[in-house]
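The structure appears right after this line, and notes come after that.
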Amino acid sequence: MDRIKKLCGFLDKCESFADIGCDHGYCTLYMLKNGLCKTAVIADISDKCLNKAERLLSDYIKCGRVSSVCCNGLKEISPDISQVLIAGIGGEEIVNILKTAYIPVSFVFQPMKNVQKLREYLIACGAEITLDKPFESGGKFYYVIKGIANGKSEYTRAQLAFGKDLNCAETKAYMGVELQKLLQYSKRKMSDVHQAEINNRITFIQKVLQNEIK
Ligand SMILES: C[S@@+](CC[C@H](N)C(=O)[O-])C[C@H]1O[C@@H](n2cnc3c(N)ncnc32)[C@H](O)[C@@H]1O
């Protein structure tokens, strides 16, 4: 619940909102309860998951402010929706959703893994990333990537790996945790090739933390 609360803090006021992979529907409830959108679409690939959100938001559905769609990604979602949230699924899965549809005019993504792949895709498509940093919840870090479909983003090698804001406290804390995990992991028995990969990653993070790699 703490992750949802923190994630919702990154959402902007908008006319229409879509929550793709809505599951429980809590993010849409936050938008409506706080007067942050006039209308909303809840969507999920699983009808079982979508039913949870439909139950939570039944009053808003009855009065016509929320519509629900069981579909894969953005396939049945109008590109006119002013802000789209896709949270709690993998970065590669989000890329697949975008590849088979479009990049929303304004988006908030919270990938669970493969964040770099999502950054690279958005940049290659000419999207502008306006915010890209981790937040901590329950002892874990989650990245949030916000942006707009049309614009330009220039990322360095270090930013592609760890986000736009390399000097913010959360990014540094995340890099520190990753470094410690890798240092522990590197003590295990492994092949020389794998050991070399891990050592390279450790050196990379250390250099980014010391501002030697930008
Ligand atoms: C872990 S839940 C995340 C729920 C919520 N967005 C959150 O951040 O807490 C992932 C949800 O995404 C849905 N999902 C996974 N892939 C999807 C896709 N391609 N299109 C729509 N929904 C998808 C799942 O059915 C599930 O309900």
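Bear in mind these aren't lab numbers, they're just calculated from the coordinates by the rules spelled out. Since this is a predicted model, take the numbers as computed values, not measurements. Because the Cβ atoms are built from the backbone with ideal geometry, glycine has one as well, and the counts that use them run over all protein chains shown.
Tell me, how many Å apart are the Cα centres for segment 41-81 and for segment 165-195?
39
Rounded to the nearest 20 debye, what is the charge dipole size of the chain about its Cα centre when +1 sits on each Lys and Arg Cβ and -1 on each Asp and Glu Cβ?
520
From Cα pairs below 8 angstrom and at least 6 apart in sequence, can you work out the relative contact order of the chain, rounded to a whole percent?
Contact order relative to length: 14 percent.
With charges set only on the Cβ (+1 for Lys and Arg, -1 for Asp and Glu), what does the dipole of segment 155-214 come to about its Cα centre, in debye to the nearest 20?
Approximately 100 debye in magnitude.
Taking N as the number of residues in the chain, what is its Cα Rg relative to 2.2 N^0.38 Å?
Dividing the Cα Rg of the chain by 2.2 N^0.38 Å gives 1.11.
For the chain, what does -39500 (n - 2.57) per DSSP helix run (n ≥ 4), summed and divided by total residues, give at 222 nm, in deg cm²/dmol to the nearest 500?
That comes out to -12500 deg cm²/dmol.
For a quick check of your reading of the filter: which trypsin sites (Lys or Arg not before Pro) in segment 1-98 sit in a DSSP loop and have no more than 10 other Cβ atoms within 10 Å?
Here no loop site has a sparse enough neighbourhood.
Hey, what do the phi angles of segment 125-137 turn into as Karplus ³J(HN,Hα) couplings, whole Hz, using 6.51/-1.76/1.60 and θ = phi - 60°, x for Gly and Pro?
With coefficients 6.51, -1.76 and 1.60, one gets 8, x, 7, 9, 8, 9, 8, 7, 8, x, 10, 9, 8 Hz.
What do you get for GluC sites (Glu not before Pro) in segment 61-111 restricted to DSSP loop and a cutoff of at most 12 other Cβ within 10 Å of the site's Cβ? Could the numbers behind the result be given before it?
Working: sites: 76, 92, 93; in loops: 76.
Within segment 61-111, the qualifying GluC sites (Glu not before Pro) (loop, at most 12 other Cβ atoms within 10 Å) are 76.
Of 168, 14, 37, which is the most mobile in a GNM of the chain whose springs link Cα atoms less than 10 angstrom apart?
168
Which entries in 48/113; 146/172; 13/33; 33/133 show an alpha-carbon gap greater than 22 Å?
Pairs exceeding the cut-off: 48/113; 33/133.
Would you work out which of 90, 130, 174 lies farthest towards the positive end of the dipole of segment 90-214? Charges go on Cβ: Lys and Arg +1, Asp and Glu -1.
Checking the options against the dipole of segment 90-214, the answer is 174.
Compute a Gaussian network model of the chain, connecting alpha carbons closer than 10 Å, and tell me which residue from 82, 186, 46 fluctuates the most.
Highest fluctuation of the listed residues: 186.
Which shape class applies to segment 171-214: rounded if a/c is under 1.5, otherwise prolate when a/b exceeds b/c and oblate if not, where a ≥ b ≥ c are the square roots of the Cα gyration tensor eigenvalues?
oblate
Of the peptides 154-164, 129-139, how do they stack up when ordered by the mean number of other Cβ atoms within 10 Å, highest first?
Taking the mean over residues of other Cβ atoms within 10 Å, the ranking is 154-164, 129-139.
What spacing in nm lies between the two simple spin-label points modelled at residue 33 and residue 184, each 7 Å away from Cα in the Cβ direction?
Result for the modelled spin labels: 3.5 nm.
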